[in-house]
Amino acid sequence: MTLKIYFLRHGETISSQTGTYCGTLDVDLTPEGYLMAEDFAKTYESLPWTAVFCSPMHRTIATAKPLCDRVGLDMKLRDGLKEIAYGKWEGKMPEEVNREFHDDYVRWLSDPGWNAPTGGEKGVDIARRSFQVLDEIERTCSNGNILVVSHKGTIRIILCELLGIDIGRFRDRIGMPAASVSIVEMAERGPLLHIMGDRSHLRKELRDRVGS
């Protein structure tokens with residue numbers, strides 16, 4: 001049996017609906033976000049899970065909890081799985097950021113791998129801390145199914161790093177809607193992507209929600 005990592009983005013929040021930069025703000029799921037978490041748990045509870053690693057933010061814990069409750073696993077909370085820290089942009093819409101921090105915003109849009117939001121983190125910083133968690137997973141779990149519950153930006157950066165995509169293109173190359181799952185097998189010849197951004201586990205009205 002090989003090691004498979006299931007990367008699950010948290011369920012819908014107000015920020016994922018409105019498009020504000022959320023980052024380190026500890027927001028809750030919307031009612032629909034809680035339903036997304038339940039739908040994931042119902043679909044995937046039959047898999048033999050080895051471990052669940054989770055960002056310590058409220059929205060990720062709430063997303064992981066239904067599955068953990070069903071399969072009897074404790075969450076391993078890791079700071080390395082937190083969302084990008086957006087610094088002074090947190091809670092603001094892109095239009096506000098462009099107006100108030102125009103030069104930083106343009107630099108970040110051109111290459112978020114090496115340019116940070118004002119007072120925030122560069123993509124390479126997120127890659128460094130998140131890969132400490134992946135290293136832990138590979139050291140402690142040589143095989144089995146591992147659930148990693150994290151955030152839009154963080155998961156996209158992890159996938160770029162695993163698949164050999166320039167981290168500076170994470171916003172341009174990978175979509176990651178709320179409550180979507182991506183599956184990577186740590187195969188003999190390196191990471192093998194099986195599924196990306198899948199939401200087939202959600203009921204139709206949740207899959208169709210705009211902005212998620």
(message) Given the criterion in contact with a helix residue (DSSP H, G or I) (Cβ under 6 Å, 6 or more places away or on another chain) and assigned to a helix (DSSP H, G or I), identify the matching residue among Gly80, Gly119.
(response) Gly80
(request) Report yes if some residue within the stretch 169-184 is free of Cβ contacts under 8 Å to residues at least 60 places away in the same chain, under 25 Å from Leu47 (Cβ atoms) and of a type in the set (Asp, Glu); otherwise report no. (result) no
(message) Being in contact with a Cys (Cβ under 8 Å, 6 or more places away or on another chain) and either more than 26 Å from Glu205 (Cα to Cα) or surrounded by 22 or more Cβ atoms within 10 Å (Cβ to Cβ) (or both) narrows it down to one residue among Thr50, Thr24, Thr2; which is it?
(response) Thr50
(request) Could you check how many residues of the stretch 53-72 are surrounded by fewer than 18 Cβ atoms within 10 Å (Cβ to Cβ) and in a loop (DSSP other than H, G, I, E, B)? (result) 2
(request) For the stretch 71-121, name all the residues that are free of Cβ contacts under 8 Å to residues at least 40 places away in the same chain, more than 21 Å from Ser150 (Cβ to Cβ) and acidic (Asp, Glu). (result) Glu95, Glu96, Glu100, Asp103, Asp104
(request) Test Asp125 against the criterion of being surrounded by 15 or more Cβ atoms within 10 Å (Cβ to Cβ), in contact with a Lys or Arg (Cβ under 9 Å, 6 or more places away or on another chain) and either touching a residue at least 12 places away in the same chain (Cβ under 8 Å) or of a type outside the set (Phe, Trp, Tyr) (or both), and give yes or no. (result) no
(request) Could you list all residues from the stretch 149-170 that are assigned to a helix (DSSP H, G or I), β-branched (Val, Ile, Thr) and within 12 Å of the chain's Cα centre (by Cα)? (result) Thr154, Ile155, Ile157, Ile158
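Readers should treat all values here as calculations from the given coordinates under stated rules, not as data from a laboratory. Predicted model only: the values in this text are computed from it and were never measured. Every residue, glycine as well, gets a Cβ built from its backbone with ideal geometry; the counts of neighbours run over all protein chains shown.
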